[in-house]
Every structure is written in structure tokens, then in C-alpha cells.
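Structure first, commentary second.
Every number here is computed from the coordinates shown, using simple stated rules; none is lab data. Everything quoted here is computed from the prediction, not taken from an experiment. Note that we place each Cβ from the backbone using ideal geometry, even for glycine, and neighbour counts take in every protein chain shown.
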Amino acid sequence: MDVRETSLTIPAQIDQLNVASGFVRKIAEELGFSASDLHQIELAVYEACANIVQHAYAHQLNGQIHIMVRAEQGRRIVITLIDTGAAFDPRTIPAYDPQRVTEADTQVSGLGLFLIQRMMDDVCFESCMSDNQAGQSGRFNRLTLIKNL
Amino acid sequence: MTSSLSITSQSLADQSVVMLSVAGRLDANTVSQLERALMDAQLSGYRVIVIDLGELTYISSSGLRVLLAGRNNARKRGSTVMLCNLQPAVQEILEMVGFSAIFPIFASREQALAAALTPSDHEH
């Protein structure tokens, strides 16, 4: 199987979200995803990075998002987003319910997460600990998004 | 890739209907433009606000929130927000999040305008 891995690091800022989603979209295009799938992948990455900016880093200006893309020819795309912001537990966010949207007002919680989960075939959130060579521990969040061809 | 959005406002019929033509990408970087256009339209007292999304290529959750807020604020003022001319990718998103059940959505500008001029046909 032909596998290609590419990565990009962006500042965790709202005006960088299109850079992240455009980067992943280009790789997905080369894999041969349909126009509809490309739109879904682009939107999922955009929403995932927006959540990191808004929630993990709470709009702090010095955060970064590491984006790793594994393109498995003829099979799938695996997108991994890593940040070192606050731990994120999707279970703490009220689930968006499209059947109850008429009751919602201007604040619609969980919409971004709902889109991510609907757009991708597999979504995994992890909050991890790592040890570096100096013996220091660091915590990071890892979000994995998978879309099958 | 950069965000770019343009909105053209056109007053129609007997000045009770306004058409907002939205083109480009509606995301966190551009959403304030639509927010402002919707606010202006509501303050101007239009009975119906028709949003033509024919040239909208992308919508994020920020854009969806502003559409919903615009619809809810309009209802409080007794007016209606309609959508028309959706591209397939945008329509797919609106259906997924349940907006197709709460917004009057029309295939073309002409159909939306015809409904806008018939008040009883577009209550949601």
C-alpha cells in the first residue's frame, strides 16, 4: 500500500483555520475523494481546529496546532491534530440535536463537534501524557479524524 | 487559502423584501459581514429577508449560527428569513444540522420572491 505522511504546524489563531483545512483538502484531492467528501473533510478539519483555538487554548496567542496527514492510497485519509492546550472532553459539551434546533437561540452548543462527527467515518479524542528526554512530563491533546475512500 | 465573502443587498418589490446575495466562504473570519447585513435588514423593517446562497461555496458552524440567529431575531420582529439557490455541498450541511426544517428554502430566487410576496405561504 502506498502511504504518504505530511505535516504542518500552524499558530492556533482563527485566521489560520483555512490554512489548516486547505492543507488537508489538497492532500485529500490527490487521494481522489469526491467533491462532497472533500467539502466534508475540509469542514471537519476547520471545525476541529476552531475548537482547539476557542476551547483548548481559549484564544491564547502563543498556542500551536500540529497537523499530521497520513494518505493511504486507495483506502483512506488519517488526520491527526495535536495541541498542548487545556484537556478537552467532548462528553462535557451538550450534544447538538438537529431535531431540537427550533428551540435553540443564538448560542448553539456542540454544533462544531456534531459536524466533525457527522463528516468523518471515525473520530477519536485523547488527552495524553508524554515524557521528554529531560525527564519532564507534558500533556497534550490528540484528535484523530479518519475518512475512508 | 484565504477567506473572502461578499454580500450584495437589493431592495425589491414594494420595499418590503430585501435580497441578500452572499458569495464566497462563510466562516469565522467572514461571518461578521453577514451578521451586520442581517442586522441592517432587520433594522430597516423589511418583512422578508431572502438570502441567495448561490455563490456560497463553504459554510462553517460560525456561519450556521449566524443564519440561525438571524432567523430567530427576525421572528421576534415579525419578519421572515428565506434561503434560496443553495449549492449541493451547502444544502447537504443545512439538511444535516436540521435547518431545512426551520428555514423556508427555495430552489431559485424567483421561487423565493414569489413566496415572499405571498406572506401566508412562508410561515415556519
**Report entry** Test set (1) within 14 Å of another protein chain (Cβ to nearest Cβ); (2) outside any helix (DSSP H, G or I) - B:Val90 fails condition number
**Finding:** (2)
Requested in this report: Being among the polar types (S, T, N, Q) and surrounded by fewer than 17 Cβ atoms within 10 Å (Cβ to Cβ) is the filter; apply it to the range A:41-63 and report the residue that is farthest from B:Ser60 (Cα to Cα).
Outcome: A:Asn62
Query raised in the report: Within the range B:50-87, how many residues turn out to be on the phi > 0 side of the Ramachandran plot and within 12 Å of another protein chain (Cβ to nearest Cβ)?
Result: 0
Requested in this report: Look at the range B:38-80 and say how many of its residues are of a type in the set (Ser, Thr, Tyr) and closer than 17 Å to B:Ile102 by Cα.
Outcome: 3
Query raised in the report: In the range B:1-52, how many are in a strand (DSSP E or B) and of a type in the set (Ser, Thr, Tyr)?
Result: 5
Query raised in the report: Among B:Leu83, B:Leu38, B:Leu64, which is the only one that is surrounded by 21 or more Cβ atoms within 10 Å (Cβ to Cβ), in contact (Cβ under 8 Å) with a residue 40 or more places away in the chain and closer than 30 Å to A:Ile41 by Cα?
Result: B:Leu38
Requested in this report: Among the candidates A:Ala12, A:Ala86, A:Ala44, single out the residue that is of a type in the set (Gly, Ala, Ser) and away from chain B (no Cβ under 14 Å).
Outcome: A:Ala86
